[in-house]
Structure formats: C-alpha cells, structure tokens
Amino acid sequence: MKIMITGGSGFVGGHLIPFLQSNGHHVILVSRSASTDSGLDVTKVTWNQLREESAALEGIDAIVNLAGESINQRWTPAAKKRILESRLQAAGQISDFINRLKVKPKVVVNASGMSIYGDSETEAFDERSPHRVVDFLSGIVEKWEQAADQIKGTRIVKIRIGVVLGNDGGAFPKMALPYKLGIGGRVGSGKQWISWVHIEDMVRLIAYCIEHETINGPVNATAPSPVTNDQFGRAIARSLRRPHWFPVPSFMMKLVFGELSTLLLDGQKVIPRALLEHGFTFKFPGVDQALQDLAANR
C-alpha cells in the first residue's frame, strides 16, 4: 500500500514508518519542508505540495495523521492556541487534499486522545462512553475529533492514544528517571489511572486499523490492563530493580508543571473494546511485561 503520514518525525511516527516499510508498504512523509532531515528513508512532500500538486499525489491508499504541536510544554495562552490550531489545521488540510483527489484513500487514521472521556478514579471508559469536556485537554480532543469528522469520502478511524511507552521518546523516560536516581515513588495520591500502551503495540494497532476495513470511528489505543499510578511506579521499580518509596505531593507537581500537571495527577481507566472485538492481539498486554521489555532494550 501507499501510505501518507503527517507528523511522522515524532516519537510514534519514527517507529511507525520503519514498521510499515518492513511490511512492504511505500511511505510518503508530509513535512513543512522537503529538505527536513527526519533520519528516515522515505518519500517526502510538503504541505504546500498537498495544496498545489494534489493531482501528482493520486493513488494514496491510506493517510495517518499524527500532526500536532506537542502538549509536553507549559500551557501558556500562546501554547494552548498553537496546540489547538495545529491539530485543526492539519485535519482541515487533509480534508481539502482528499476533496481534490479523483480516487480517495481507503482510510484516514487520525490521532486523538483518551482525555475526551474526562477523568475518574472509579469509572472505566470504552469507545461507547460519552465525551466529557472538563478541562483544556478534553476540550482540545473533542474539537480535534470534530475536525476529523469533516474529512469526507473515506473511512475515518480516530485513535484515542494513551501513554505510549518507549525508551526513545514520549513520557516514559521522564517517568523512569526518578527511579534510576533512586528516588521513585507515587505521584499525588497514586490512585489515578494510567492507560498505557507499548510503542510496538502502538504501531501494530495503527497498521491493524488500516488493514481491517470493519474498524471505523473511535478506537482506544491503550493496552487492556490499565493500572494506577502507584501500580505503574512499582512496575517501573521492579523492571529497573530500584526502590519505590519517595512520594511526590500534588502541590509540587502543580508548582513545577502548572496546568500541565493534570497529565500526571488526573487519569482515565480506558479499555480498548474496539480493538479486542475486532481480534487485535496485544504483544504486551500487561505492564510488567511491557516495562521489562523496555528495561531489557534500553
């Protein structure tokens, strides 16, 4: 298949592209500049080429949209604007591009987030759960999905991504660092849920959504066994053979990270019902298994 990827130079994209190539797919990377050095051996096009040369890009079988400003920064008013606009603009440009194509791609897999469910220490959420806009991030995700819904003429899959675990990007290296220093422990109450997924399963499930035509709409991109923050910390400690003893109070996280601290202090227990019902098998269904693999390969 010929698969176009936006945001492919990020953490997930950097793993997804070689995975797709190893399975015989031709990958086209969309970036701001054709000269951008992504470190990946792919065909590159620019966003301007999508707008101006769509006829030359006929024959795309699938699009994976991972584009968007990183949320891992202090959420100033300017940063919030960039985070939202980058997502809406990417979805809008993909919609315009598809509208100009004579032959539409078979599927668009659009990134989303599990924050759309709001947070809870007692409820479990799956793709049938209602949206709950309770903070900045849940509002961003709802608008992001609304923009994806404007893409017409093709199957749309919205992958609601959890905490992606890998050694070379995402949140895990920062989460593991205190344990490597011997000062790891629960964050806040430790009761908040962490819905996670190993990077290898992350790229596998994206490919699975592309290949299986019966998958449509929202898909929770999380492992089937979410854990609490305290349980997750203990699993890191076991994988690294370090202690789990030094709690970090909520007020300190809010002082250091500001509003961004909600990512660590609030959580969602998210279940990947759609993937399980469509027969996807996780290589790393349990957190100990996932973290031991990362520790062995770091």
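Read-outs: derived from the displayed coordinates by stated rules, not from any lab. All of these numbers come straight from a predicted model, not from anything done at the bench. FYI the Cβ positions are ideal-geometry reconstructions off the backbone, even for glycines, and counts take in every protein chain you see.
Structural remarks
- Residues of the stretch 256-282 classified as over 20 Å from GLN231 (Cα atoms), of a type outside the set (Phe, Trp, Tyr) and not in a helix (DSSP H, G or I), total: 3
- Options THR228, THR262; residue that is in contact (Cβ under 8 Å) with a residue 60 or more places away in the chain and either farther than 20 Å from LEU294 by Cα or not charged (D, E, K, R) (or both): THR262
- Residue in the stretch 196-203 that is of a type outside the set (A, V, I, L, M), farther than 30 Å from LYS2 by Cβ and out of contact with any helix residue (DSSP H, G or I) (no Cβ under 9 Å at 6 or more places or on another chain) present: no
- Which listed residue, of LEU177, LEU165, is of a type outside the set (Asp, Glu) and surrounded by fewer than 18 Cβ atoms within 10 Å (Cβ to Cβ): LEU177
- Note on the stretch 195-218: residues that are of a type outside the set (Asp, Glu), surrounded by fewer than 18 Cβ atoms within 10 Å (Cβ to Cβ) and part of a loop (DSSP other than H, G, I, E, B) total 3.
- Condition met for PHE246 (in a loop (DSSP other than H, G, I, E, B) and under 17 Å from the mean Cα position of the chain (by Cα)): no
- Of the residues making up the stretch 143-171, those that are within 30 Å of GLY233 (Cα to Cα) and more than 10 Å from the chain's Cα centre (by Cα) are LYS158, LEU165, GLY166, ASN167, ASP168, GLY169, ALA171.
- All of (1) surrounded by fewer than 15 Cβ atoms within 10 Å (Cβ to Cβ); (2) under 27 Å from GLY24 (Cα atoms) hold for MET252 with one exception: (2).
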